[in-house]
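The values are calculated or read from the model by the stated rules, or taken from the named source; none is laboratory data. Treat the numbers as computed from the prediction; the structure is a model and nothing was measured. When we count neighbours, we look across all protein chains shown, and the Cβ atoms used for this are built from the backbone with ideal geometry, even at glycine. These area figures cover heavy atoms from the full protein model, side chains too; ligands, DNA and RNA do not enter into them. Shrake-Rupley method; radii C 1.70, N 1.55, O 1.52, S 1.80 Å.
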Amino acid sequence: MSATAVAVIAATLLIACALTAGVRRLAPRLGFIDRPDGDRKRHAQPTPLMGGLAIGVSFFLSATVLAAVLPRMFDGAKNGTLGLAPLLTSAGLFCLLGLYDDRRGLSPRAKLLGQIAACLPFVVWGEAIGMVGVLGVRCTLGIWSVPFTVFWLVACSNVINLIDGMDGLAGTISCIALMTLAAMATLMGRYDVTAVALLAAASVTGFLVYNWPPAKIFMGDSGSLMLGFLIGALAIQAALKQAACFMLIVPLVLISVPVFDTAMAILRRKLAGRKIGEADRGHIHHRLQAHGLSRVQSLLLIAGLCIAMAGFCVLSVLVNSEFLALLLCCSLLAVLVIARVFGHDEIDMALQHVRAIATLLVDIIQVVPSRLLAVRLTNMAPGQSEDYWQIVCQRLAQCGGKDLEIRFTDLDSRNVVHRLCWRADAPASPATDTWQVRHTVPRDGGILATLTATGTVDDPQWAAKVNEASQLFHTLCRIWPLAPLPRGSRDEGQGFEADVIRFDDSRPQQPHSIASPGEDADPLQQPRAA
């Protein structure tokens, strides 16, 4: 890099520092103030918000001067160098979008559409990603080139925007990322990208003089959105290799700390039933402070993580191995989770949901045979009722059932017109916990079927098994043939009894009710151990 470029970069830092001091005094007069609310915003006093404008202006001025002094470095398609005009145009649009959001506020949808529009000058006028490489596998994007490039740039801008929740955090992470991109571009021989990345890093450094905890000014969305875009755009250039292939892993590793924080925020809010855009205090800097670290200590620890990721990226470029960067990155993030520093709560929540879904799938698989048997019961042919009765009794025995009785009662005469009975061979032990199920089904012709089953709790899954058998109970009560047997006849083997007896239970019956011993039937109760 020439001495002229170095001088412009050094001047950029001084310009950014001076502009930040001036903007700090101007912002309150224009209404760009971030006021504490006692919840998310816990800074001590109202703080100016226009730091992003100071970063942007210093970067634009110095980049324009450098392009004028060294025109061959930025003539774009003429010799394969970086086209500066598309980059500055999109960066300026991101800055203006964030500035409007800081002052007036934008809905998430409007903000997203604005970010997409801000990307277009760079993507259409500059250079879109035509091929993506991941761990040696390359994929030509074709018509998806522009959408993928827009997605990458919007994602980068939002990643930096979402992590901007503590004094100096977004600026420090951005500065580390930009300086790493400059180092990677130098190794690739892309000195034009090196110069632009260092200009942006110098602008951020000048701002950090006033943003270091306790911050005297915030960058706001105007700074975080613009810096996120610059990181994404320069990463496209710094990570390009042969055949214009964008090697995706290394840039992802570079910003993996804010990406991991954003991913955990999305997972946490989604699993908690909240909107993804709803703010909370679960970000990595909040968790570190909850562990007892001060703001400066939290900032230095996160900066250390980002520097480690930057070292992994540079090392991977030197040895030409994306897999090494990915392995080291995942190992470091795993240490954070295992040590319960950050991400463990979200992972635990996700595992609980996975276990719940797996349990549901197992339950469904277990219920299917009973549901199919219920279908066969509904369509049983004449003369098959005794066979199905035995099957139902066997299912009940598998639930620990000891006896079963179904009464078919004429509601007008209050007489039991039909009854089915079954008892297990071995009586229940008096010391064993027992359960009782009461199930009633109204039938046509004024008939009420009442099923009562009891059993012992001899299996941890007894409740699930009883619930599974309830579909059979309901079907049996609904379709059992009521052709009367000869009065007084009895078949002890099958358990049928057709005596007409007086129904002396005067309590009102509720359909589909389940009751425990000693309690009235309640349609909302579930089977449980007595």
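Using a Förster radius of 56 Å, what is the FRET efficiency between Val209 and His353 based on their Cβ-Cβ separation? Nearest 0.05, please.
0.80
Dipole magnitude of the range 213-286 about its Cα centre, charges +1 at Lys/Arg Cβ and -1 at Asp/Glu Cβ only, in debye to the nearest 20?
So the magnitude is around 200 debye.
Amide H neighbours of Lys402 under 5 Å, counting only residues 5+ apart in sequence or on other chains, H built in-plane at 1.01 Å?
For Lys402, whose amide H was placed from the backbone, the distant partners under 5 Å are Thr454, Gly455, Thr456.
Using the 2.2 N^0.38 Å rule of thumb for compact globular proteins, work out how the range 275-403 stacks up: its C-alpha Rg over that value, please.
2.02
Return one whole number: the accessible area per residue of the range 202-294 in Å², for a 1.4 Å probe.
Here the residues of the range 202-294 average 32 Å² of exposed surface.
Taking the Cβ of His474 as the center, what net charge do the other residues with Cβ under 14 Å away carry, scoring Lys and Arg +1 and Asp and Glu -1?
Residues near His474 contribute +4 overall.
Using R₀ = 41 Å, calculate the FRET efficiency as 1/(1 + (r/R₀)^6) where r is the Cβ-Cβ separation of Ile116 and Val319; round to 0.05.
That gives a FRET efficiency of 0.65.
If you bin every alpha carbon distance in the range 359-468 into 5 Å steps from zero, what whole percent lands in each bin?
2, 10, 17, 20, 21, 15, 9, 4, 1, 0
What is the magnitude of the charge dipole of the range 76-148 about its Cα centre, with +1 placed on the Cβ of each Lys and Arg, -1 on the Cβ of each Asp and Glu, and no other charges, expressed in debye to the nearest 20?
100 debye
Looking at the square roots a ≥ b ≥ c of the eigenvalues of the Cα gyration tensor of the range 305-346, which shape do they give, rounded for a/c under 1.5, prolate if a/b is larger than b/c, or oblate?
prolate
Might you tell me the accessible area per residue for the range 388-473, computed with a 1.4 Å probe and given in Å²?
For the range 388-473, the solvent-accessible area averages 44 Å² per residue.
Subtract the Cα-Cα distance of Leu360 and Leu14 from 0.36 nm times their separation in residues, and report this length gain in nm to one decimal.
118.4 nm
What are the extents of the Cα atoms of the range 60-213 along their three principal axes, in Å, largest first?
Per principal axis, max minus min of the Cα coordinates gives 41, 36, 32 Å.
Which pairs break 25 Å Cα to Cα here: Lys216/Lys275; Lys402/Lys465; Lys111/Lys275?
Check vs 25 Å cut-off fails for Lys216/Lys275.
Summarise the accessible area of the range 270-418 (1.4 Å probe, protein heavy atoms) by the percent that is carbon and sulfur.
Of the solvent-accessible surface of the range 270-418, carbon and sulfur hold 63 percent.
Leaving ligands, DNA and RNA out of it, report the carbon-plus-sulfur percent of the accessible area of the range 131-235 at a 1.4 Å probe.
72 percent
Can you run phi through the Karplus equation (6.51, -1.76, 1.60; θ = phi - 60°) for the range 280-295 and list ³J(HN,Hα) in whole Hz, with x for Gly and Pro?
8, 10, x, 5, 4, 5, 5, 5, 5, 5, 5, 7, x, 7, 7, 4
Does the range 190-311 come out rounded, prolate or oblate by the C-alpha gyration tensor, with a ≥ b ≥ c the root eigenvalues, rounded set by a/c under 1.5 and, if not, prolate when a/b is larger than b/c and oblate if not?
oblate
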